[in-house]
Amino acid sequence: MTTLDVEEADIAWGDDAPVLRGVTVQANPGEILAVTGTSGAGKTTLLSAMAGLLPPVTGLVLADGEKVTDRDQAVKLGIVLIPQDNGLAAILTAAENISVAVIATGGTAAEARRRTAESLEPLGLSAQANQLIEELSGGQQQRTAIARGLALRGDVLLADEITSELDAANRQRVIELLKAEAARGVAVVFATHDPEAAAACDRELHLADGEAVWARP
Ligand SMILES: Nc1ncnc2c1ncn2[C@@H]1O[C@H](COP(=O)(O)OP(=O)(O)OP(=O)(O)O)[C@@H](O)[C@H]1O
């Protein structure tokens with residue numbers, strides 16, 4: 001179980017002015033933290049910092065007290081990111097995308113096969129396992145990216161707008177899967193602009209005007 005802390009962080013892209021200033025937030029094991037805000041408020045920016053992709057200009061990101069310095073190290077610390085643009089390889093199948101990720105994080109081929117099947121099934125994608133990503137619909141691609149994130153069995157799961165292309169039933173299914181992750185002790189952070197999805201989370205941090213404020217502490 002891992003606690004992810006962001007402490008007094010100013011977060012910027014390159015030399016641009018900070019998108020977010022003075023952000024302090026803790027993501028706790030067993031909880032889903034919603035990160036909300038309008039388009040451009042900085043949800044992806046905050047999750048990028050949490051994932052080790054975008055080290056803060058000032059302040060810290062800590063996983064159980066250890067400074068998160070870059071993405072490779074964050075992966076070793078068990079910080080999984082499901083990116084907004086899904087990040088899948090278009091010319092691999094759904095199953096291959098997942099298996100490759102499991103093996104890249106130390107899983108055996110047998111584990112990769114098992115976890116791939118286990119993660120596709122609850123997302124209703126068993127029949128699509130051997131289809132190329134480029135042959136799948138937008139929603140099926142988004143669900144494949146979620147399946148890959150779940151298959152990695154992280155200690156921290158950062159989910160960036162992962163229900164934006166899903167119908168109501170699939171959105172509900174995904175929220176239930178995030179709750180199941182939290183129930184096994186994962187610290188889940190879910191960026192969303194959907195108020196219903198945010199309401200299903202344990203706490204809500206709202207981003208506006210470059211600052212993070214608690215909508216529901
Ligand atoms: N990769 C990037 N490089 C440079 N600037 C970026 C990058 N990603 C985001 N930004 C900038 O950071 C600011 C916040 O964008 P961000 O994507 O974090 O917002 P968001 O809340 O996730 O929005 P959305 O709901 O539209 O996804 C914007 O001004 C955007 O231009």
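The values are calculated or read from the model by the stated rules, or taken from the named source; none is laboratory data. Please read all numbers here as calculations on a predicted model, not as lab measurements. Methodologically, a virtual Cβ is constructed for each residue, glycine included, from the backbone with ideal geometry; neighbour enumeration extends over all protein chains shown.
Annotations for the structure displayed:
- Contact annotation: residue pairs with Cβ atoms under 8 Å, 6 or more positions apart or on different chains, pairing a residue in the stretch 47-70 that is at pLDDT 95 or above with a partner that is of a type in the set (Lys, Arg), are Ala51/Arg71; Gly52/Arg71; Leu53/Arg71; Leu60/Lys67; Val61/Lys67.
- Flag for Ala110 being assigned by TED's automatic domain parsing to the domain that holds Leu166, more than 16 Å from the ligand (Cβ to nearest atom) and in a helix (DSSP H, G or I): no
- When restricted to residues that are in contact (Cβ under 8 Å) with a residue 60 or more places away in the chain, within 16 Å of the ligand (Cβ to nearest atom) and surrounded by fewer than 18 Cβ atoms within 10 Å (Cβ to Cβ), the stretch 175-204 contains 2.
- Val35 vs. criteria in contact with a helix residue (DSSP H, G or I) (Cβ under 8 Å, 6 or more places away or on another chain), touching a residue at least 24 places away in the same chain (Cβ under 8 Å), within 12 Å of Val189 (Cβ to Cβ) and not assigned by TED's automatic domain parsing to the domain that holds Leu120: yes
- Qualifying positions in the stretch 43-87 - touching a strand residue (DSSP E or B) at 6+ places or on another chain (Cβ under 6 Å), within 16 Å of the ligand (Cβ to nearest atom) and of a type outside the set (A, V, I, L, M, F, W, C): Lys43, Thr44, Thr45, Pro56, Pro83, Gln84
- Any chance Asp16 is within 15 Å of the ligand (Cβ to nearest atom), in a strand (DSSP E or B) and either over 19 Å from the mean Cα position of the chain (by Cα) or of a type in the set (Val, Ile, Thr) (or both): no
- Search result, residues across the stretch 20-42 that are within 14 Å of the ligand (Cβ to nearest atom) and assigned to a loop (DSSP other than H, G, I, E, B): Gly37, Thr38, Ser39, Gly40, Ala41, Gly42
- In the stretch 147-161, the residues that are more than 18 Å from Gln73 (Cβ to Cβ) and within 16 Å of the ligand (Cβ to nearest atom): Ala159, Asp160, Glu161
- The stretch 43-60 - residue that is touching a helix residue (DSSP H, G or I) at 6+ places or on another chain (Cβ under 9 Å) and either part of a loop (DSSP other than H, G, I, E, B) or outside the structural domain of Ala199 (by TED's automatic domain parsing) (or both) and, of those, nearest to Cys201 (Cα to Cα): Ala51
- So Thr144, is it of a type in the set (S, T, N, Q) and within 16 Å of the ligand (Cβ to nearest atom): no
- Note on the stretch 1-13: residues that are near the ligand (Cβ under 8 Å from one of its atoms) and either crowded, with 24+ Cβ neighbours inside 10 Å or acidic (Asp, Glu) (or both) amount to 0.
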